[in-house]
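**Student:** Below is the structure I would like to discuss, written out as structure tokens.
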Amino acid sequence: MSEKPLTGGSSTRRPFLAGNWKMFKTGDQAVAFVKEFVPLVGNLSDRDVALAVPATALQGVAEAAKGSGVIVGAQNLHWEKEGAFTGEISADMIVGAGATMVLIGHSERRQFFGDTDGWVSKKLAAAVSAGLLAVVCVGETLAEREAGKTFEVLASQLKGSMAGFVPKDEKRLILAYEPVWAIGTGKTATKEEAQETQAFIRKELSALGLPGQSLRILYGGSVKPDNAGALMAQPDIDGLLVGGASLKADSFAKIVNFG
Ligand code: 13P
């Protein structure tokens with residue numbers, strides 16, 4: 001792949017295929033993945049490919065991916081530049097490791113580590129000011145969906161998470177819709193459910209004064225090689241955020257090569 005400009009929003013909403021490795025792979029395993037993966041996705045100039053890797057693998061993966069066009073990112077950050085925050089990493093540390101992207105507000109952060117919409121908005125501001133591309137995640141739980149509260153929950157998450165974000169920074173922002181009940185469960189949202197919800201998110205972003213029509217919105221939750229194409233055919237699904245199926249080079253390459 002050729003080097004492409006790092007951009008969030010774009011008039012064409014070029015497909016964005018991202019893997020999220022979560023807490024999997026040592027540094028060596030991560031580098032071995034990149035060496036196997038890059039040749040499988042060579043010469044794709046019509047889509048963006050990204051990997052969100054563990055902090056310990058950032059530098060090695062960034063070096064291994066150099067020149068390939070694959071975007072390398074972290075899975076979380078702290079909003080302060082530095083300080084007594086044991087276990088945390090800052091935006092500058094991510095940049096210093098050679099990475100250019102960060103996931104923010106993933107549902108596992110929200111569920112297990114207490115990330116709130118307020119924190120997400122502070123993390124987003126820190127990421128943007130360091131020049132990182134931020135992938136902000138939102139999504140409802142099964143109980144919320146069954147109670148008919150999906151849109152209410154998403155509207156509230158978006159309002160809180162985007163507080164303080166300004167439209168001029170749209171090139172630094174991508175949204176990801178990940179229904180919590182579809183993550184790691186093998187239960188994908190149907191393409192119709194995903195499309196309906198993503199269209200709602202786009203409308204909400206516009207209502208918040210953001211460029212909803214040009215921002216890219218990814219879908220995540222049990223994406224596999226055999227459902228990637230149908231999801232990507234939906235008009236408001238601009239990309240995929242892939243967990244389990246991004247851990248093996250051949251399966252993630254099949255997803256990246258959809259269509
Ligand atoms: P799975 O693809 O394993 O369901 O994970 C989705 C996810 O959380 C990506 O961020």
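Just so you know, all these numbers are worked out from the coordinates, no wet-lab data involved. Please read these numbers as outputs of a predicted model, since none were measured by experiment. Note that each Cβ is placed from the backbone with ideal geometry, even for glycine, and that neighbours are counted across all protein chains shown.
**Student:** What are the residues whose amide H is under 5 Å from the amide H of residue 49, where those residues sit 5 or more places off or on another chain and H is modelled from the backbone?
**Tutor:** 17, 71
**Student:** Run the numbers on region 144-250 and let me know its relative contact order in percent, using alpha-carbon pairs under 8 Å that are six or more apart. Let's see the in-between values first.
**Tutor:** On the way: 137 pairs, mean separation 30.7, N = 107.
Result for region 144-250 is 29 percent.
**Student:** I would also like to ask the following. Given that compact globular proteins tend to follow 2.2 N^0.38 Å, what is the ratio of the alpha-carbon Rg of the chain to that value? Please report the intermediate quantities before stating the final value.
**Tutor:** Values: Rg = 16.7 Å, N = 259, 2.2 N^0.38 = 18.2 Å.
Here the Cα radius of gyration is 0.92 times the empirical estimate.
**Student:** Turning to a different aspect of this structure: What is the spread of the Cα atoms of region 129-259 along each of their three principal axes, largest first, in whole Å?
**Tutor:** Extents along the principal axes: 39, 38, 24 Å.
**Student:** Related question: Taking just the alpha carbons, could you work out the radius of gyration and Dmax for region 102-159, both in angstroms?
**Tutor:** Cα-based Rg and Dmax for region 102-159 come out at 12.2, 39 Å.
**Student:** Computed over the Cα atoms, what is the radius of gyration of region 148-219 divided by 2.2 N^0.38 Å, N being its residue count? If you can, show how the numbers build up before the last one.
**Tutor:** Values: Rg = 12.5 Å, N = 72, 2.2 N^0.38 = 11.2 Å.
Taking N as the residue count of region 148-219, the ratio is 1.12.
**Student:** Could you work out how far apart the two model spin labels at residue 147 and residue 168 are, taking each label as a point 7 Å from the Cα in the direction of the beta carbon, and quote it in nm?
**Tutor:** 4.0 nm
**Student:** Mind checking region 27-116 for trypsin sites (Lys or Arg not before Pro) that DSSP puts in a loop (not H, G, I, E or B) and that have at most 14 other Cβ atoms within 10 Å?
**Tutor:** On the way: sites: 35, 47, 66, 81, 109, 110; in loops: 47, 66, 81.
In loop regions of region 27-116 (DSSP not H, G, I, E or B), the sparsely surrounded trypsin sites (Lys or Arg not before Pro) are 66, 81.
**Student:** Moving to a separate point now. Among all the lysines, which ones have a C-alpha under 17 Å from residue 66's C-alpha, if same-chain residues fewer than 8 places away are not counted?
**Tutor:** 4, 35
**Student:** How high is the FRET efficiency between residue 86 and residue 24 when r is their beta carbon distance and R₀ equals 25 Å, given to the nearest 0.05?
**Tutor:** Working: r = 23 Å, r/R0 = 0.92.
Taking R0 as 25 Å, the efficiency between residue 86 and residue 24 is 0.65.
**Student:** Which of 169, 250 has the fewest other C-beta atoms within 10 Å, and how do the rest follow up to the most?
**Tutor:** Values: 169 17, 250 10.
With the fewest neighbours first, 169, 250 line up as 250, 169.
**Student:** OK, next. By count of other Cβ within 10 Å, fewest leading, how are 241, 247 ordered? Write down the numbers at each step before the final one.
**Tutor:** Values: 241 26, 247 17.
Least crowded to most crowded, the residues run 247, 241.
**Student:** State, to one decimal in nm, how far the label point of residue 32 lies from the label point of residue 226, with both points 7 Å from Cα in the Cβ direction.
**Tutor:** Here the modelled spin labels are 2.8 nm apart.
**Student:** Stick to Cα atoms and the Kirkwood definition of Rh, then tell me Rg/Rh for region 61-199. If you can, show how the numbers build up before the last one.
**Tutor:** On the way: Rg = 15.8 Å, Rh = 16.0 Å.
Expressed as Rg/Rh, it is 0.99.
**Student:** Rounded to the nearest Å, what's the spacing between the alpha carbon centres of region 45-73 and region 19-41? Just the number, please.
**Tutor:** 9 Å
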